[in-house]
Structure formats: structure tokens, C-alpha cells
Amino acid sequence: MKKDHAAYPSTGIVILAAGASTRMGQPKQLLQVGEESLLQRAVRIALSTPYRPVVVVLGANREQIEPSLQGLEVLRVYNPDWATGMGGSIATGLAHLLQQAPALQQVLILVGDQPLLDSAHLLTLVNATNNGTCPMVVSRYANTTGVPALFDQSLFADLLALHGAQGAKSVIQKHVDQAAIVDFAAGALDIDTPEEWATFLAKNHAKKEDL
């Protein structure tokens, strides 16, 4: 039976896109996959779900990246301390989300460099909360757990307290005994280097050739 998403607690989305892409040598948020960039793809997937608001956290290369979000139904927030690590970007994104939607009950946290993410996985994460009774749902891939992940409002204080290199994984590890886990093998692929990007493009092209 189809799930009624309106019956679920209100859910917002934070997309982390503040990193400097040092190993890539160029802003990976702007790498093109067909007619859209990696970040635009993440935004499109987020917007294809019923969850709102959607916040994109920007940092390094903001001037280059921000124009790519023009016309999209997303809120943009700048983390001036992006260089200190992902923790501050999570806290900045969630704080901005709560300013816009103070009654928000859940947040999905995504990164912009998992090119095989799809909206079905995000819907599965929310469904796995068991109508909001599970405070955290995390993705499992490559023998670890991580984002995309869903956090209940009972964990917002932990997320807002993050700083520096502390990412969502520190909150996940702290509350792992309360977490529901959803397998997401495709999450093992993220894009950090030109070699990983070239491999992804080659495989993506091969799949299209097989169609």
C-alpha cells in the first residue's frame, strides 16, 4: 500500500555543499552530469520529495556555485566557517531551516557528491522512522553508516552543537543504538578526485550505451 507522506512528521532537508573540493582541483558541486551539475542533481532529487524547506549550505567558491541555484525552490545559507569542517555547515544549515520552519520535526541531511542518490532512498529513510517513533535513520554502505540520514527533533540540539571536523557521523555514533539502518550500497560512491570522476563518467556512459 502506498505510504501517505502527509501523515508523517514534518520534514526538511539540508544539502551540504560548502566544501572546497581540494582534491578535485575545481568545485565538484559544478561538475556536469548530462545537463545538470552534481549539486543541481542533488537539489532536483530533494525537490522531487514532499519534504520542505530545502536548504543548501554554501561555503567555498560561493560566488561560482550560487548562480547555479537561481530559480530553484531552495533556501541558500552561507557558512563563513566552512574551512573548519562539515560540523559547522550542518549546524548552520539546520539553524537556517528552523528559522524558516520552527515547527519542523525531522531533518534529512544530504551531501552533494553522491551521484547515485535517488529520491526513492530518501522516501525509504522517512518511511523507516515508523511514523516518527524512530529518532534516527541512517544509510549503510561500504561497511559503515552515514548520510543521507534522517534525524528527529530530539537530536536537533546535538546537530546544532556540531563544529569543526565533527560531522553527522559523530551524532550517529553517539545514538547508534537508537538508529534504524537502511542499506544504500550506491552511497559508497562519492566524488573527491579527478580519477573517481572519470571512473563514474565512464561507467555512466557505458550504462547509457547498453540501453
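The values are calculated or read from the model by the stated rules, or taken from the named source; none is laboratory data. For clarity, every value in this text was computed on a predicted model and none was experimentally measured. Note: ideal-geometry Cβ built from the backbone for every residue, glycine included; neighbour counts use all protein chains shown. These accessible areas exclude ligands, DNA and RNA; they are computed on the full protein's heavy atoms, side chains included. Shrake-Rupley method; radii C 1.70, N 1.55, O 1.52, S 1.80 Å.
Collect the residues in the stretch 118-155 that are assigned to a helix (DSSP H, G or I) and either open to solvent by 20 Å² or more (accessible area, probe 1.4 Å) or of a type outside the set (A, V, I, L, M, F, W, C) (or both), keeping them in residue-number order. Please lay out each step first, then the result.
At the first step, the residues of the stretch 118-155 found to be assigned to a helix (DSSP H, G or I) are 119-127, 153-155.
Result: Ser119, Ala120, His121, Leu123, Thr124, Asn127, Gln153, Ser154.
I need every pair where a residue in the stretch 138-161 that is under 13 Å from Ile90 (Cβ atoms) has its Cβ under 7 Å from the Cβ of a residue that is among the charged types (D, E, K, R) and surrounded by fewer than 19 Cβ atoms within 10 Å (Cβ to Cβ), sequence separation at least 6 or different chains.
If the second residue must be among the charged types (D, E, K, R) and surrounded by fewer than 19 Cβ atoms within 10 Å (Cβ to Cβ), the pairs left are Gly146/Lys169; Asp158/Lys174.
For the stretch 172-192, which residues satisfy the criterion of being open to solvent by 30 Å² or more (accessible area, probe 1.4 Å), assigned to a loop (DSSP other than H, G, I, E, B) and either in contact with a Phe, Trp or Tyr (Cβ under 8 Å, 6 or more places away or on another chain) or among the polar types (S, T, N, Q) (or both)?
Leu189, the sole residue that qualifies.
May I ask you to list the residues in the stretch 156-171 that are open to solvent by 70 Å² or more (accessible area, probe 1.4 Å) and modelled with pLDDT under 95?
His163, Ala165, Gln166, Lys169
Any idea how many residues of the stretch 176-186 are under 15 Å from Asp152 (Cβ atoms) and at pLDDT below 90?
The qualifying residues number 3.
Could you give every pair whose Cβ atoms fall below 7 Å, whose first residue belongs to the stretch 190-204 and is farther than 19 Å from Ala42 by Cα, and whose second residue is open to solvent by 60 Å² or more (accessible area, probe 1.4 Å) and at pLDDT below 85, counting only separations of at least 6 or pairs across chains?
Pro194/Gly25
Within the stretch 53-65, can you find the residues that are surrounded by 15 or more Cβ atoms within 10 Å (Cβ to Cβ) and under 22 Å from Thr22 (Cβ atoms)? Can you show your working first?
Of the residues in the stretch 53-65, the ones surrounded by 15 or more Cβ atoms within 10 Å (Cβ to Cβ) are 53-62, 65.
Scanning the stretch 53-65 gives Val56, Val57, Leu58, Gly59, Ala60, Asn61, Arg62, Ile65.
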